[in-house]
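Here is the structure we will look at, set down as structure tokens.
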């Protein structure tokens, strides 16, 4: 579509859910909004085109699944335009001119904020940026295989001020992680975890990360080291790091994870905590 000067779609709210697998597609979303400039004629005997980020879908409004409810300015669709996705649409042009769309079994890989949505039908072209419901973030799974990304969701910091502590800090941090190269085997890979100027190493080889059974979960444990444990679950896009008795003059804000994902190519991402 090559259209200019879109009408503004208003009050766009979207909820997102990542599927359990990236293949086959199993993501879903629910988007609502207002389309004040749309007219009934725009949705009769034509093709409806809808996009959310890089995901696109076209619906033939002449198909039996696309229905006008009597003489009302109300249209409904429920079906599978591509034979895979499950889509339901309600276009209500009565009082407030609004729409709702629910889509399941779709691939939202690469979707990021701001989330741009567009609706084209007949002479109507509407576009706008959607806010994620309740201020949530885009699911990290959408970045898996698309981009390197790191977030933290929670942390626990404890300062040990005992007589033999020497400014000793304990940190447990967990969050979400995605890698541009995916799938990825972390077995035996060296991982550098930097907490400010403090560098902690998961060693390369048999003493380092090991795969748990046939899963994408990789774990490391060492009861005698400052870096006590680490866990990366690349299927769920999660991580958890436990640091004990790290000697620091004060807790830093930068937390970095670095490891090689391909020969000469590294994942290196930093989050700000505290």
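The values are calculated or read from the model by the stated rules, or taken from the named source; none is laboratory data. In this text, all values refer to a predicted model and were calculated from it rather than measured experimentally. Every residue, glycine among them, receives a Cβ derived from its backbone with ideal geometry; neighbour counts consider all protein chains shown.
Where strands (runs of 3 or more DSSP E) fall wholly inside segment 1-58, no range has 1 or more residues that are without any contact (Cβ under 8 Å) to a residue 40 or more places away in the chain and outside the structural domain of residue 70 (by TED's automatic domain parsing).
Would you confirm whether any residue within segment 185-201 is in the same structural domain as residue 113 (by TED's automatic domain parsing), exposed (fewer than 13 other Cβ atoms within 10 Å of the Cβ) and farther than 23 Å from residue 109 by Cα? Checked against the condition, which is being in the same structural domain as residue 113 (by TED's automatic domain parsing), exposed (fewer than 13 other Cβ atoms within 10 Å of the Cβ) and farther than 23 Å from residue 109 by Cα, segment 185-201 yields no hits at all. State all residues of segment 42-57 that are farther than 15 Å from residue 126 by Cα and surrounded by fewer than 17 Cβ atoms within 10 Å (Cβ to Cβ); if no residue qualifies, say none. Scanning segment 42-57 gives 44, 45, 54.
Applying the criterion of being crowded, with 16+ Cβ neighbours inside 10 Å and at pLDDT below 95 to the residues of segment 156-181, the residue that is farthest from residue 15 (Cα to Cα) is 168.
Among what's in segment 94-110 and is assigned to a loop (DSSP other than H, G, I, E, B) and touching a strand residue (DSSP E or B) at 6+ places or on another chain (Cβ under 7 Å), pick the residue that is surrounded by the most Cβ atoms within 10 Å (Cβ to Cβ). Restricting to residues being assigned to a loop (DSSP other than H, G, I, E, B) and touching a strand residue (DSSP E or B) at 6+ places or on another chain (Cβ under 7 Å), the top hit is 108.
Filtering segment 124-135 for residues that are without any contact (Cβ under 8 Å) to a residue 24 or more places away in the chain, in a loop (DSSP other than H, G, I, E, B) and within 26 Å of the chain's Cα centre (by Cα) leaves an empty set.
Condition check ((1) farther than 30 Å from residue 137 by Cα; (2) in contact with a strand residue (DSSP E or B) (Cβ under 8 Å, 6 or more places away or on another chain)) across all residues:
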{"site": "199", "(1), (2)": "no, yes"}
{"site": "214", "(1), (2)": "no, no"}
{"site": "225", "(1), (2)": "yes, yes"}
{"site": "247", "(1), (2)": "yes, yes"}
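Apart from one condition, residue 70 fits all of (1) part of a loop (DSSP other than H, G, I, E, B); (2) buried (at least 16 other Cβ atoms within 10 Å of the Cβ); the exception is (2). Restricting the search to strands (runs of 3 or more DSSP E) fully inside segment 138-216 and requiring at least 3 residues that are over 21 Å from residue 269 (Cα atoms) gives 149-160, 168-178. When residue 268 is tested against (1) part of a loop (DSSP other than H, G, I, E, B); (2) surrounded by fewer than 17 Cβ atoms within 10 Å (Cβ to Cβ); (3) in contact with a strand residue (DSSP E or B) (Cβ under 7 Å, 6 or more places away or on another chain), exactly one condition is not met: (1).
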